[in-house]
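Below is one structure, written out as structure tokens; the observations come after it.
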Amino acid sequence: MSDDAEPTAAASADAPPRDGYGRFNENPDTQDRDAAAFRLRAKGATYDEIAVALGYADRGHVHKQLSRHLASIVPPAAEEYRQIMDAQLDELYRRALAVMDAEHFTVSNGQIVYAPGTEFAGQPVPLDDDAPVLQAMDRMLKIQARRAALWGLDAPTQSRLQVQNVRVTVDGADDV
């Protein structure tokens, strides 16, 4: 008999319990580990760091667990995670707003472009550049969309499916 049989038997005894479909069954130990993963992620730990610290197989398993159980398994940790992410989104929004509110001038070949035929107090007036403002607006919309997804604010998409039975008859089809 080979020496391989014993480690395999031991590994299967230590393996997490699974249901009849091969899915992992949750238990208090894994719930505590998932909560710890949320806390580490909220503090800025990478998926790789969380995997090493908590014994996940790899970063993919960490991401999968965090995604799957964000709302259902550990509500206090998930709420803490949402609060931290919301604060980070606030900061990003403030920065985008600062870009939108700032004055931007058109630059060509490293030189400010001046509006032709305009002067103020004897000085040429720089031509405004709206591109950074529009980009900041787009970024702000993305931040708002991310915040809505984080808090589940968007209404579910409703679809309407209409099925009609149609009978088609073709002249001469009996001859074929």
Handout entry: Charge dipole magnitude, Cβ of K and R +1, D and E -1 - region 102-147, Cα centre, debye nearest 20
Key = 460 debye
Handout entry: Within region 74-153: Cβ-based charge dipole about Cα centre, in debye rounded to nearest 20 (Lys, Arg +1; Asp, Glu -1)
Key = 320 debye
Exercise for the section: With a cut-off of at most 12 other beta carbons within 10 Å, and DSSP calling the residue loop, which GluC sites (Glu not before Pro) in region 37-130 qualify? Please list them. Expected result: E103
Problem - Qualifying trypsin sites (Lys or Arg not before Pro) in region 88-176, DSSP loop, other Cβ atoms within 10 Å at most 15 - result: R160, R167
Fill in the blank from the handout: In terms of the alpha carbon gyration tensor, root eigenvalues a ≥ b ≥ c, rounded if a/c is under 1.5 and otherwise prolate when a/b exceeds b/c or oblate, region 74-153 is prolate
Fill in the blank from the handout: Within the under-15-Å Cβ sphere about Y47, not counting Y47, Lys/Arg +1 and Asp/Glu -1 give a net charge of +3
Fill in the blank from the handout: Quick calc, L153 & A102: beta-carbon distance into FRET formula, R0 45 Å, rounding 0.05, result 0.95
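Every number in this text was worked out from the coordinates using simple rules, so none of it is lab data. If you're wondering where the values come from, they're calculated on a predicted model, not measured in any experiment. Neighbour counts run over all protein chains shown; Cβ positions are idealised from the backbone, glycine included.
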